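To start, the structure itself, in C-alpha cells.
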Amino acid sequence: MRSSTIAVLALLPLLGSCGKDADPAPSPAKGPPPAPALAGAEIYQKLCASCHGAKGEGGKDYPEPLVGERSLEKLAVYVRKKMPEDKPGILSADEAQRVSKYIYDAFYSKAAQARREPPRRELSRLTVGQYKTSVADLMSLFANPQPADAKPGLRQELFNGGRRFRDDKRINDKVVPTLDFNPGSYPPAENVTIEEYSVRWSGGLVAPETGDYEIILETRNGARVWVNDETTPLLDGWVRSGDSVVLKGTLSLLGGRIYPIRVEIFKEKKEKLVAAALKWKLPHRVEELIPERRLRVGKFNETMVVRTPFPPDDRSMGYERGTISKAWDEATTEAAVEVATAMGPRLAKSDPQGRARKLVERAFRRPLTPELQQFFVDRLFAENKDVETALKCVIILALKSPRFLYLPHETGDAYDVATRLSYALWDSLPDAPLLEAAKAGTLDPVKEAGRMLGDPRAKAKVGAFYHRWLQLDRLHDLAKDPKSYPGFDAGIVSDLRTSLDLFLEDVTWGEKSDWRQLMLADTVHMNGRLAKFYGVELPADAPFQKVKMDPKKHAGLLTHPLLMAGFSYASVSSPIHRGVFLARALLGRRLRAPPDAVTPIPPELHPSLSTRERILLQTKGPDCQSCHAMINPLGFALENFDAVGRFREVEKEKPVNAQGSYWTIGGEDVKFNGARELGEFLARSEEAHEAFVEHLFHYLVKQPILAHGLNRPDLLREGFVKDGYDVRKLLIQEAAAAALPGGVKKAEERKTP
Amino acid sequence: MMDRRDFLRNLGLGAGALPFLNLPSLQAAPRKASRKQRLVVMFSPDGVVPWNFWPDQEGDAFTLKESLTPLAPFQKKMLALHGLNNRIKGDGDGHMRGIGCLLTGIELFPGNIQGGSDTPAGWAKGISIDQEIKNQLQANPDTRTRFGSLEFGVNVSDRADTWTRMVYAGPNRPIAPISNPHHMFKKLYGSEKDKQMIASVLDDVREDLKKLAEKVSAEDRKLLEEHAAFVRETEKELTAVAKEKMAAPPPAPDASLRDENDSIPKLSRQQIELMVNSFKQDFARIASLQYTQSVGGAKFRWIGVTEGQHELSHKPDKDEPAQAALTKINKWYCEELAYLCKRLEETPEPDGRGSLLDNTLIVWTNELGQGNSHTRNNIPFIAVGNGLDWKMGRSLKLKGVPHNRFLLSLAHGFGHRLERFGNPEMCAGGPVVLA
C-alpha cells in the first residue's frame, strides 16, 4: 500500500484511551464502499489484512502485532476515524463496529491473546531469595524449637568481678525493654558495691525484612556483640583502643525470623563510667535504638544464612524468575559447600546417618524411595569412612539436586500441593504438619493456608510484596531542596517508611482486613518527629500512633507522604510519576517507555505556570498524548499534595486544580476531583480489583496467572469482592489456587520422579 | 642463563650507561628475571641472658656464645645486631610495648588493657614492617603471591590482646597468628581436598538431572539439559585443577597433634615444615613465626626446665641456676631457628637458582633485652640468610640506635626506600647500613 511512519501507526495498538474522541462526522467516500452487510472478518480481509497481516500478526509495512488494551467501543471509534490509513473514514459506524468486533475477538484483546498462545506454567527453579530461606529452614531441622510467645525485651545479668561472667558471681538478673544502659559511675544497682563488674544482655533479635542490617554498640568499655553466631562475635571491642566510642558491623538477615543476640561489657577498676546503647540501621533507614518490639527474651537458635553471592534473578516479567546460567550454577555449588562446611560437623555429632536421611527427605519435600535413599544417603556413608565427610557430601548433593532446586509445576501429588502452598506463602519448604497431612491424604489447602498466615514468614513475605508493589525500594533517595522544604531529612524519611509499614500491617493483619482502606483510610501513623513536620499536635517524643486526618482530603496510601514525596522531584510534585504509579500499580495498565527521550521542562523556565499547566505544556505533542492523555489526569488528582506530601490549597498563588479523569477499559469516562474522589473510584473499580489480585498472585506464585486458568483472574476477583475485600482471605484463596491443579493443562497422571 | 643485572655487572656498567649503548639485548629485559626475596620474623618472649647471647667481638671474626651455638653451620650467613633499642614510650607496660611496638615502631593507643605497670593501652598505632613490605610485594604483579604473608604461631594463647599480637595490618588492626597447624594446613591446602570431593558429587548431580529429564515435557527437558551442561563444565574444571601435580606433597600434621605446651617441639617443627613448603609453592614471600606471646610462660620440660619461662626471666642475674635455665631455653629457640635455616638451605628454589635460604632473610627477635629488668635496650636481633643484599657473617655493635632504623633497613632491602617508619623521630639517620 503505502509507507507511513511507524510512529504514527504505533499509536493504534499501544495503550489505553487517547483522550476523549468526539464522534467524527463521516467523510466523503473516496471509492466504492464495501458491499452492504459484509461480516467483520470479510471487511478485515479486504481492507486491513494487507498491512496488519491475515491473523493480525503484522505485515511488511506495519510489523507490530495488532494487540492492545482499548475497550471495544474505543477501538471502534478509532477505527472509524482513522482507518484504513490511506482512506480514513470510508467505513460507516456500523461497519467500523463489525470489523472492530472481529479484530477484538480474534486477536486484539487480552482474552484473545491468551487463547491464541496460552501461557503455561514453567519449570522454575528456586529464586535466590527462596534458595536462602529454604536452606535456612532446612538447616534448622534439628535445632530446638524457637521459644513460643517470647516476651519483648532482653535479659540483663550483672556479674561481680571483671570479665568472667561466672554464674556464682551473678548479682542482678532482670528483663529490660531495650539496651540503653547508663547508670553513670558505679554502683549500677542497689546491692552492687564492687569496682569491677560485667554485664551481659541476651535474647532474640526480630528481623522484620530480608536485607543487610548494621548493628551498632555505642560504648567506651570493653565489649563484644554476637548476632546469629554463638562463637564468633560480630563486633569485638574487648580491647578498646584509641578514641573510638562506637563498634559497628553489618550482617545479612532473612526476614520473618528471630536471631540470637548477646552483648557483654566489662568495667575495669580504673574506669569510671560504664555506658552502652545498642542500635541498628535497617535497610533504607537511619540509625535508631533497637526498639522493644524487635527484641525477645529467650534462647534462640542460630539460622544458617547463606553468604555466597548469587547473580540477581530476572525481573522482566514483573515477578522474579530464575534463569539457568553458569554463574547461577557456580553459585549453587559454592553455597552448597558453604552450608556443608558450616553444618556438616554440627550435624555429625549425633545420629549422622539418620539425620542425613531426614535432611534429604525434607529438602526434597517428600518421603524417599529406597532407591533415592540409597543414592543420596546410604551410598555416600558407605563410600566415606569419615562421618563428617559423608555428611558434607550428602548436603552438597542434596542442595545441588534438581529435586531441591526446582519447584513442581505439573499437577503432581499431595506433596507437590504442599510444596506449592508453602512456597506461595513462605517462600520456603513445607513444614511437618503440611507433610503429615499430605501423607495422610487429608491436605486441605484452604485450611492449611489459614494456619500458615499466622507464621511470621508469611507476614514478612506480604510486607515484601507491598514494598515491591509500591516500588518503595526505588524511593530510597528522597532528597528534597532544603530551601523549599527545610527539615525534610533522612530521619523524616525513615519515620515515613515505618509509618507506611504500620499502615499496611494494620490494613492486612488488623482485626478487620479491608483492602479498600488502602484507598480510603483517613489516618496516618505518626510519631513525634513526623507530627511536628506535618503540623499535628503530638509530644516531641511520642511513639508511633494512628492520627486522624481530614477525611475530605486524605485517601489511604494514595496520599501517604512517603509516596507523595517519593513520586516528586526535589522541589516540585510530579503528576507524571504519580500518574504512572496509579496506572501501573493500581490499575494494572501496561505502559511502554516514551518513544523519544524527554527532558522535563524546568519549573524556572515558566515561573508563572502551575505544575499542572507546565506538565500539560510538556506533554502536549501528539506522540506524547497517546499515553499522557491517560497518565496526566490520574496524577493531577493528587496535585493538592506537594513534594513532601503536605496538603496545599494554593500553588504559585493560584488555587490548585485537582480535577482528574480516567477512561475505563469498559468505555466509561470517570471524573474525580481530588484525592478523596480518586480513592473512591479506585475502591470500586473492577480494574483496580483485578490489578491487585494479579500483582499479588504473581508475587506469591511467580507463575503467569492465566496459566492457572483463563478465568482464574475473574474467579479470584469475584471471590475477593464477595469476601468484602478481605486481604487475608485473598491470600488464602490465591495460595490454594496455586497449590491445586488447574489451568490450561488438564490434570495429568501422577508422575513418580 | 645470565640475566640483565649480571650482564651489566660483568661489563662493569651501571644502569646509568644504558641510554648511550642501545644494545638490543639490554632493551626491555623482563623484570621477572630478578630473584625472589623473602623475609621471616621469628619471635620469642621474655628477653635473653645477655652475657650468654651476644658475641664479645665486633666484626667478621667472632665466637658464638652458648645460646647461639646452634647457628655454627650458618655463621657466615648471619648478623648479630647488638645495640638496637626500642625507644617507643607512651601507653602500655614494658611487655606490651615490647611486642606491640617491636615491628611497628610506633606507640600504642590508650585503651583498656592494663599491664603490670604504666597506663592501660589498646592496639598499636600503625602497620608492622612485615605487612608494609608485604603490601609492596602484593602491589607488583611480578612479586604477587597467593597470600602475600603467612602468620604462623606456636602455642600462642587464644586471647586477643596487646600481649598476643605482633603483626598489624594498620592502626588498630592486629593480625592473629595461626597457632594450630591443622588450621594452617587447611588454609593452605584444604581447598584441594574439597575440590576433589565436589567434583565427584557433581558427577552424581548430572546423573540425577538425566534421570529427571526423562520424565518431564520437551520444553522443560531443554532447561534441565542446559543445567546439566553447566554442571559438566564445572566438574571438568575442578577435576583438572585437582590433577595438577604439586611440587611436593604437602606436609599434613598428624591428627593427634594438639596445640598445647608439651607439644611445642612437635608444633614448632610442623609449622616450620608448612612454612618451608609455602615458600616452595610461592604461597607467600613474608612470614612470621611467633612462639607463644609476650610474657610467654611456656614450660620447657623437654629440656629439663620445669619452671615457666616468664617467672624464670624475672630471677636476678645472680641466680645462676635460673640464668642457666634461661640460657638453655634460648638455645632451644636457636635450635629451631637453625632447623628452619637448614630446611631452607637444603630446599632448592623451584627455578633452580640456589636454595631457598639464598633468597630468604630470617630475623630472630624478642620483646625485651633482658627479662628481669624489662629493659628494651639491646633488643635481640639475629639475622640469617642472604635474602637481602647485606654483608653477612658479622657481629655488629651499634651502640644505641633506635630500632626503627633497623625496620627501615628491612624495607630498603626489598627496594622499598622509606624515609620513615613508625614514630618519625626515631628514624633520624635513616636505615642502618648493612649492605
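Read the figures in this text as sums done on the coordinates, not as results from a lab. Treat the numbers as computed from the prediction; the structure is a model and nothing was measured. Neighbour counts run over all protein chains shown; Cβ positions are idealised from the backbone, glycine included.
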Inset, instruction - Order by neighbour count: A:HIS628, B:HIS310, B:HIS183, fewest other Cβ atoms within 10 Å first, most last. - result: B:HIS183, B:HIS310, A:HIS628
Legend entry - Taking chain A and dividing mean pair separation by its residue count, relative contact order in percent (alpha carbons under 8 Å, at least six apart): 13
Inset, instruction - Can you give me the span-like helices of chain A, meaning DSSP H runs with 24 Å or more of Cα extent along the axis and Kyte-Doolittle mean at or above -1.0? - result: A:326-347, A:490-509
Inset, instruction - Please give the peptides A:586-599, A:709-722 ranked by average Cβ packing (other Cβ atoms within 10 Å per residue), highest first, as a rough proxy for protection. - result: A:709-722, A:586-599
Inset, instruction - Using the Kyte-Doolittle scale, find the helices of chain B whose mean hydropathy is at least -1.0 and whose Cα atoms extend 30 Å or more along the helix's long axis, counting only whole DSSP H runs. - result: B:181-213, B:218-243, B:320-345
Legend entry - Among B:PRO251, B:SER191, B:ALA229 - extreme Cα towards positive end, dipole of the range B:186-253, charges at beta-carbon: B:PRO251
Inset, instruction - DSSP loop (so not H, G, I, E, B), at most 16 other Cβ within 10 Å: list which GluC sites (Glu not before Pro) in the range A:626-665 pass both filters. - result: A:GLU649, A:GLU653
Legend entry - Too-long pairs where the Cα-Cα distance tops 26 Å, listed order kept, from A:LYS512/A:LYS722; A:LYS349/A:LYS459; A:LYS87/A:LYS110: A:LYS349/A:LYS459; A:LYS87/A:LYS110
Legend entry - Per-residue [θ]222 nm for chain A (sum of -39500 (n - 2.57) over DSSP H runs n ≥ 4, rounded to 500): -11000 deg cm²/dmol
Inset, instruction - Would you calculate, for chain B, the mean residue ellipticity at 222 nm contributed by helices, counting each DSSP H stretch of 4 or more residues as -39,500 (n - 2.57) and dividing by all residues, to the nearest 500? - result: -11000 deg cm²/dmol
Legend entry - Considering only the protein assembly as shown, percent of DSSP beta bridges that pair antiparallel, nearest 5: 75
Inset, instruction - Take the alpha carbon atoms of the range A:270-338, find their center, do the same for the range A:570-601, and report the distance between the two centers in whole angstrom. - result: 33
Legend entry - Under Karplus coefficients 6.51, -1.76 and 1.60, residue-wise ³J(HN,Hα) of the range B:68-74 in Hz, glycine/proline x: 9, 4, x, 8, 3, x, 10
Inset, instruction - Calculate the mean, over all residues of peptide A:113-123, of how many other protein chain Cβ atoms lie within 10 angstrom of the residue's Cβ. - result: 1
Inset, instruction - Please average, across the residues of B:114-127, the number of beta carbons from any other chain that are within 10 Å of each residue's own beta carbon, and give a whole number. - result: 2
Legend entry - ³J(HN,Hα) computed for each position of the range B:77-84 - Karplus, 6.51 cos²θ - 1.76 cosθ + 1.60, integer Hz, glycine/proline x: 10, 10, 10, 9, 10, 8, x, 9
Inset, instruction - Let me have the relative contact order for the range B:357-435, percent, based on Cα pairs under 8 Å that are six or more residues apart. - result: 25
Inset, instruction - Pairs of Cα atoms under 8 Å, at least six residues apart: use those to get the relative contact order of the range B:235-343, whole percent. - result: 19
Inset, instruction - Order by neighbour count: A:GLU157, A:GLU42, fewest other Cβ atoms within 10 Å first, most last. - result: A:GLU42, A:GLU157
Inset, instruction - Taking the Cα centre of the protein assembly as shown as origin, sum charge times position over the Cβ atoms of Lys and Arg (+1) and Asp and Glu (-1), and report the length of that vector in debye to the nearest 20. - result: 980
Legend entry - Gap separating the Cα centres of the range A:129-181 and the range A:489-529, nearest whole Å: 30
Legend entry - Rough spin-label spacing in nm, given labels placed 7 Å along Cα→Cβ, for A:VAL650 and A:LYS55: 6.4
Inset, instruction - Mind checking the full-extension length gain between A:ASP168 and A:ALA342? Use 0.36 nm per residue of separation minus the Cα-Cα distance, one decimal, nm. - result: 59.3 nm
Legend entry - Residues of the range A:283-298 with amide N under 13 Å of the 7 Å Cα→Cβ point at A:ASN144: A:298
Inset, instruction - Sort A:ARG346, A:ARG80 so the one with the fewest other Cβ atoms within 10 Å of its own Cβ comes first. - result: A:ARG346, A:ARG80
Inset, instruction - Provide the FRET efficiency to the nearest 0.05 for the A:TRP509-B:THR63 pair, computing r from the beta carbons and using R0 = 51 Å. - result: 0.05
Inset, instruction - Assign one of three labels to chain A, namely rounded, prolate or oblate, based on the Cα gyration tensor with a ≥ b ≥ c the square roots of its eigenvalues; rounded applies when a/c is under 1.5, prolate when it is not and a/b is larger than b/c, and oblate otherwise. - result: oblate
Legend entry - Positive-end extreme of charge dipole, chain A - chosen from A:LEU740, A:TYR534, A:LEU504 (charges on Cβ): A:LEU740
Inset, instruction - Using Cα positions and a limit of under 20 Å, work out the lysines in reach of B:LYS187, with same-chain residues fewer than 8 apart set aside. - result: A:LYS392, B:LYS134, B:LYS195, B:LYS243, B:LYS245, B:LYS266, B:LYS280
Legend entry - Distance between modelled label sites at B:GLU307 and A:GLU680, nm, 7 Å Cα→Cβ extension: 9.8
Inset, instruction - Any aspartates and glutamates with Cα under 20 Å of the B:LYS397 Cα? List them, leaving off those in the same chain fewer than 8 positions away. - result: B:ASP56, B:GLU58, B:ASP60, B:GLU66, B:GLU367, B:ASP389
Legend entry - Point-to-point label distance, A:GLU436-B:ALA240, nm (Cα→Cβ direction, 7 Å offset): 5.2
Legend entry - R0 of 51 Å, Cβ-Cβ distance B:ASP56-A:SER244: FRET efficiency to nearest 0.05: 0.55
Inset, instruction - Would you tell me the mean number of C-beta atoms belonging to other protein chains that fall within 10 Å of each C-beta in B:166-176, as a whole number? - result: 1
Legend entry - Nearest-0.05 FRET efficiency for A:VAL176 and B:ALA139, computed from C-beta distance (R0 45 Å): 0.35
Legend entry - Cα-based Lys pair tally, the range A:217-337, threshold under 30 Å, eight or more apart or on separate chains: 15
Legend entry - Protection-proxy order for peptides B:408-415, A:618-625, each taking the mean of Cβ atoms within 10 Å per residue, highest first: B:408-415, A:618-625
